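Quick one: the structure is below, and I'll ask about it shortly.
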Amino acid sequence: MKNLKTKLSYALYTLLCFVLFSCEGGEPTISYSERTVKQFNKLKPPVVLFSKSESMVGYGVQLMDGDGVLHYFGNMSSLANGIGDNYKIGDTLK
């Protein structure tokens, strides 16, 4: 019985160490808005507003980059809401 308790305590200790050390060490998480700004900055010009849709929360937009690839930015992004508010479909953003 003592041997079982020892093995169980080692297993719990190992599990605790795994959980504590597997956490991302101090890297701050960035918001969806910050991620979309980084993604937008990486797009190859010219970037054109392909489509936009308005919901109760804001705008979702699709942008076409210089390679002809569509990129979606959801309505939880301040970037997408700003683009949806200020640009028309077909406008060049950069």
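None of the figures in this text is laboratory data; all of them are computed from the coordinates on show. As the structure is a computational prediction, the values presented were derived from the model and not from experiment. Every residue, glycine among them, receives a Cβ derived from its backbone with ideal geometry; neighbour counts consider all protein chains shown.
Label points 7 Å out from Cα along the Cβ direction at ASP91 and LEU70: separation in nm?
2.1
Now for a separate question. Which of ASP91, ASP65 comes first, and how do the rest follow, when ranked by fewest Cβ neighbours within 10 Å?
In order of increasing Cβ crowding within 10 Å: ASP91, ASP65.
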